[in-house]
Structures are given as C-alpha cells and as structure tokens.
1. Please compute the contact order of segment A:246-322 in relative form: average sequence separation of alpha-carbon pairs under 8 Å and at least six residues apart, divided by the residue count, as a percent.
2. If I stretch the segment between A:GLN149 and A:PHE321 completely, what's the gain in nm (0.36 nm per residue apart, minus their alpha carbon distance), one decimal?
3. Distances over 19 Å make up what percent of all Cα-Cα pairs in segment A:211-261?
4. Rounded to whole Å and sorted largest first, what semi-axes of the equivalent ellipsoid does the C-alpha gyration tensor of segment A:120-251 yield via the square root of 5 times each eigenvalue?
5. Sorted by packing (mean other beta-carbon atoms within 10 Å per residue), highest first, where do A:271-280, A:249-258 land?
6. What percent does the relative contact order of segment A:143-285 come to when contacts are Cα pairs within less than 8 Å and at least six residues apart?
7. Sort the following peptides by mean Cβ neighbour count (other Cβ atoms within 10 Å, averaged over residues), highest first: A:345-356, A:293-304.
8. Amide H of A:ILE215 versus every other amide H placed in the peptide plane: which residues, excluding those fewer than 5 positions away on the same chain, fall under 5 Å?
Amino acid sequence: MNKVKIQEVLSRSIDTIYPSRQDLEKLLESGKKLRIYMGIDPTATYVHLGHATNYIILKRFHELGHKIIVVVGDFTAMIGDPSDKKSFRKRLTKKEVAENLKTYKDQIGKILDFSDKKNPIEFRFNSQWLSKLKFEDIINIASHFTVQQMIERDTFEKRIKERKPLFVSEFFYPLMQGYDSVVLDADVEVGGTDQTFNMLAGRSLVKSYLDKEKIVVSTTLLENPLTGEKLMSKSLGTGIALNEKPNEMFGKAMSLPDEAIIQVFIDCTYLSMTQIDQYRGEMSEGKNPRDIKLILARKIVSQFHGQHEAEKAEANFIQIFQKKELPDEIREFKLDGTFNLPQLLVEVESADSMSDARRLIKAGAVEVDGAKITDVSAKISTHKDMIIKVGKRRFAKIK
RNA sequence: GCUGGGAUAGCGAAGUGGUCAAACGCAUUAGACUGUAAAUCUAACGGCUCACGCCUUCGUAGGUUCGAAUCCUACUCCCAGCACCA
C-alpha cells in the first residue's frame, strides 16, 4: 500500500536524489518516521504554480506519515544575498516576516494540510539558531569545506571567469543553510535543482555532526520542454499565482504552451502517472490538446478553489472564448449622456488612456452592443444595459 | 585613496549633437487565423489631439548650443581594476 505511494512520490518531478534513489527508497520503506524539510524565503509573498511542485512532494511525504518541517529563512533574509544586486539588503522586521508568512501560509495551505493535529507541519525560523552561533562555531562549520569545493559551484565559477565580484559572505549561505539541516536533525531535504549546492553542503555537515546520511531530493523546475524557458517566471510575467482568482487561473492555465501540458500535469497536479500517460497517448494520437488542457485547467483550479469554482471557471471560459458569448458577470458602470467613444472606454475602465482607447478602436477591438466601431470620433449615447466590449476579455455594462 | 566603466521606457539592451517618443529582444495589448487567453502571422506599445501637431521623458541639478539621450560642470548611486592592510 505504502509501497505504491512511495513509488508515486519518487516517480515524478524529481531531478536527482543524493546519494541515490535506492537509498531514499530504503529509508522510506523502513517504516521510520522521517524528518523531511524544505527552506523558504520569507521575502517573497508571491507563490506560483512552479513552487507548487515541491509542496506537492512534501504533501505526499506528509501523507506517508513523515514529519514535515518548513524552515523560514528569516536570518538569511535579514542579511540579504549580495549576489542579488536588486535586493536592497533591507532587513525584514519580525513583523514583516510574520505578515509575509501569513499570506504565504494562506496560499500553501491549499496544498499542505496545516490542520493535521496528530502530525502537525512545523514551522521553524532559522534566525533562532543562526543568530546564536558564536564565531568559533562558524569557523568550525566552515572548516568542513574547502575553498576549492566552494568555487566549484557553477554560479561561483562563472562569476570568477567573468571577473564579477564574488563575496566571501556568499560562501556562508550554503554553510548557514547546511547548518539548518544539523539543527533540525534532518533526514531528507527537498528543494529545487537551483538549491542543490546548498542542500549538499547540509549533507556534508549532517554527516560530520550527526553521523548520518541526509538525503537530498532536488526537484525539476517547471520549464517549457521545447524552449527550456521557465514557465513560471515573475520577471517574464508568465506565472500563475496560487492566489489567483478562479477565472484568471483557468485562463492562464489555458494559455500555457501546448508542449507543457504533460509537464504541468506531472508537477502540479495529483493525477496518477497512469492517467497522465493516457493523456499523453491521446494527444500523440491526434486528440486536440485544447481538450486535454481544459482538463488540466479544471484540475488546477479545483486544487486551489475547489471543484465547484473550477466548474464555474470552465463554463465561463467556454462561454466567452468558444461560444463567444457574454460572461455571466459583467462589471457595471453608472453613466448617462453622450460620450466620445474613446472617452467612454476610459470611463468604463476598458482603456488606460485616451491614446490607448484610440489605438484599440483603430485596431477594431471595440464593440458596442455587438456592433464593431472603428471610427475614433464616434459619439455614443449610453442607455441602460449597453454592452461595451474591448478585445476578447474586457466587458462593461451600463447601469 | 587612485584609475577606468556605467545609470535609457515593465525588464534586458542599442543609440555618442539634428532624420529620437528613442532600434532590437522579452513581457504586454489588439487584429487575422484557429483548436484556446496555444502556435503562427500582422500591428500597436509616454500623454493630449478627429487630425496637422503639441507636451513630458534617456540617474539628479545646472550649463554650452539655433538644436542635447548624446558635449561640459557638479551631485547621487552602481561596477571593475589597482593601492592601502597582513
């Protein structure tokens, strides 16, 4: 029974397991209650679908009865990462961390079960132990690593080659994070492939301080299998946030590239691999990817908003984009009189500015009561229940 | 402390006296097509104007010039190398 579940966890979204998959398998099958943890950055309140992968893995471990610990990197956040030039090295206050954590929990709570009283998910703040270390402790920790090991890290190597600055303090990040593992007495750490170096540093420290093998599970980052581009990138503006409204979430899921459908199924849903493979088969046999993507979108929305909302969002999507009908809920504006069309678009918040409005009209994006208007100088007299449509997604109604 | 380099629209990045509201890429928006908010193609992408055009933007503040993102001065911030230190 558990064996099946164990295979399920190990079968997806995992890039590499150190030292080996067999070791983790053995440990999981031993029946021992493991201490499994993951670190998070409290400066970011935005959690997207790409992050969900790791939480789903944690959830699966949790369901197997293991102890799940989330380490909030508040100490790290207080110091600031010098490699991130954009970060102001602004110290987050306790209060700010607490606030961030709350929004964070709200989002993650859709995946991890924080209400489990028997085996509660624990939150720990690493400032608790890191700020208490004495200098000699730090030297002691540092003595487990050589400079050669440090500069082998690819991002460090790259910067040395490019003659970009590499701060000594950056060497301490893996040490600090690694020390977390020791304090937590961790058996397993989960994190994205970008965290591999830090996680492995923890592995060394655990071996030396606790004389045990901490297993490191590095998880795949969600990317477009065709282009290798990150699917969920805040800077590219392509992320789907976990607290997105149902309709938005559904639409954004539908705008995922077709090539990524299977990948997202694997990494972000609970669907069985058998089922996912079946979809993969259907698509390669020529089934319309859109229909599979509809299933995916519904799954995702229902994971975060429930079955009912998901169905509503799907109906809404089909209604608007397939049947090209009006949505059930349209923003209403109380307006009376005659307006220049661009002005009207601005009034109903369907255009950012007059210039923007004119552009949209010229592009043929504007419909009033179902009739396309391309004349920028058109005068429109409003009446009750007038429908103003801009593009495919912006609707407004006159009250 | 010294010496160089840099700061450009949401992001990245061209532009070194007029033809610059500023190339290009990403993101965004619209149109066509469709299988969809996919892909592809086309276009737009500071503001005001029906429009000719006008106004505000290239780190900040001044200046030179008929004319400045481009030249000069000061300032702020960032980066690199060197020196100092042992």
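Where a number appears in this text, it was derived from the coordinates with a stated rule and is not lab data. Given the structure is predicted, the values throughout are model-derived calculations rather than measurements. Note: ideal-geometry Cβ built from the backbone for every residue, glycine included; neighbour counts use all protein chains shown.
1. Result for segment A:246-322 is 45 percent.
2. Here the segment from A:GLN149 to A:PHE321 would lengthen by 56.5 nm.
3. Here the long-distance tail beyond 19 Å is 40 percent of all Cα pairs in segment A:211-261.
4. The equivalent ellipsoid of segment A:120-251 has semi-axes of 31, 21, 14 Å.
5. My ranking of the peptides, most packed first, is A:249-258, A:271-280.
6. 15
7. Those peptides, ordered most packed to least, come out A:293-304, A:345-356.
8. The answer is A:VAL188, A:GLU189.
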